[in-house]
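Please treat every number below as a calculation from the coordinates, not as lab data. All of these numbers come straight from a predicted model, not from anything done at the bench. We place every Cβ from the backbone using ideal geometry, glycine too, and count neighbours over all the protein chains shown.
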Amino acid sequence: MRLVDKVILSAPEIVATLKRSFIPTLVIEGDDDVFIYRWIKEQLNLSLVSLLPCGGRNTLFNVYDRKDEFSNANVVFVADQDLYRFTEIPEDREGIIFTSGYCIENDIYAGSTILNFLDKEDLENYSILKDVLTKWFSFEIEKYLNSVRQGTQVELSISKHINEISPPNLGAMCPNFSNRISYHDPSEEVQNLINSDVYLNLRGKQLFQMLSRFLSSKGRFSSFTDKNLVEIALKQGANHYIDNLSDQIYDGLSV
C-alpha cells in the first residue's frame, strides 16, 4: 500500500483559500502542532472553526503580510515566539498571537506539573542535564544576539535532539558535538537571561526530550515518549499560559 504524501500549501494557495473562506479560520505554523490546537478548539467549543497549518513559520508570515487581500475573512494567526522571545516582536507582526514562551511546548510545560513525574533519584541527573543544555542554548542565543546588534545573519543550530548534545549517561556536553560547533562558555549575562525563566526560554521540545530520557529508562513501571508527555501535560488541567493563549484565540475569532 503506497502512502500518500502530505500536501503542503504554498503562501499563494493559502491566501486563495482564505479569500474564498466563509468560516472562521485559525492559521498555525505547522502540522506538528495540529493536535495541540485541535484540543484548544475543543476546549473552546469552536467546532466550526477551520484549522489551517502553513507548513512553516516563514509561510505563515508571508500569508500574514498579505492579510489585506482577505480582510473580510475571520482569520486569526498563531505562532511561536521563537527568537523574538529574546529581542522583541516587530511592529509588523503585532497582529499575530504569539506563545508566551519560545514555543507552544514551552507554554504547555511551564504551566503544567509534568516535572512531578520524575522520581526523586532522577531529579539530580535531570538538573545536571538541564544545566548542560542551558549552557549550549545560551551559547546559541549569544551568537544570535550578537548578530542582531551587528545587523548580520548567523546560522543557529537550535533544533538538535538532546542525545546529540549530551548522550545518555554522559552528564556533560558531547566532546565531538562541542568541537563541531566550536563551543565556548557563553557570557554570564546570557546564561542568566535563559535561566531567568528557563522553562519558557529553553526550547520546549528539548524540555520534553529531557523528561522522556528519564521517564522511558529501563526498569520503569511505565515508559513515556516526549510526545506522550506533551499530551499528558496539555491535558492535566488549568494552565495559565495555555488559558491565556486560548482566550486570545477566542477573542480574535469573534465567534
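Looking for whichever is surrounded by 20 or more Cβ atoms within 10 Å (Cβ to Cβ), touching a strand residue (DSSP E or B) at 6+ places or on another chain (Cβ under 7 Å) and touching a residue at least 40 places away in the same chain (Cβ under 8 Å) here; the options are 110, 79. Which one fits?
Numbers: 110 fails: touching a strand residue (DSSP E or B) at 6+ places or on another chain (Cβ under 7 Å).
The match here is 79.
Would it be correct to say that residue 141 is in contact with a helix residue (DSSP H, G or I) (Cβ under 8 Å, 6 or more places away or on another chain), among the hydrophobic types (A, V, I, L, M, F, W, C) and buried (at least 18 other Cβ atoms within 10 Å of the Cβ)?
Details: in contact with a helix residue (DSSP H, G or I) (Cβ under 8 Å, 6 or more places away or on another chain): yes; among the hydrophobic types (A, V, I, L, M, F, W, C): yes; buried (at least 18 other Cβ atoms within 10 Å of the Cβ): yes.
The answer is yes for residue 141.
When you check residue 45 against the structure, is it under 25 Å from the mean Cα position of the chain (by Cα) and either under 17 Å from residue 104 (Cβ atoms) or surrounded by fewer than 17 Cβ atoms within 10 Å (Cβ to Cβ) (or both), yes or no?
Values: under 25 Å from the mean Cα position of the chain (by Cα): yes; either under 17 Å from residue 104 (Cβ atoms) or surrounded by fewer than 17 Cβ atoms within 10 Å (Cβ to Cβ) (or both): yes.
Yes; evaluated as a whole, the condition is true for this residue.
Go through the stretch 166-239 and tell me which helices (runs of 4 or more DSSP H), entirely inside it, have 2 or more residues that are β-branched (Val, Ile, Thr). Full working, then the answer.
Numbers: elements: 175-180, 188-195, 198-201, 204-215, 226-234.
Here the list reads 188-195, 226-234.
Among the residues of the stretch 197-207, those that are hydrophobic (A, V, I, L, M, F, W, C) and either surrounded by fewer than 23 Cβ atoms within 10 Å (Cβ to Cβ) or more than 16 Å from residue 132 (Cβ to Cβ) (or both) comprise 198, 200.
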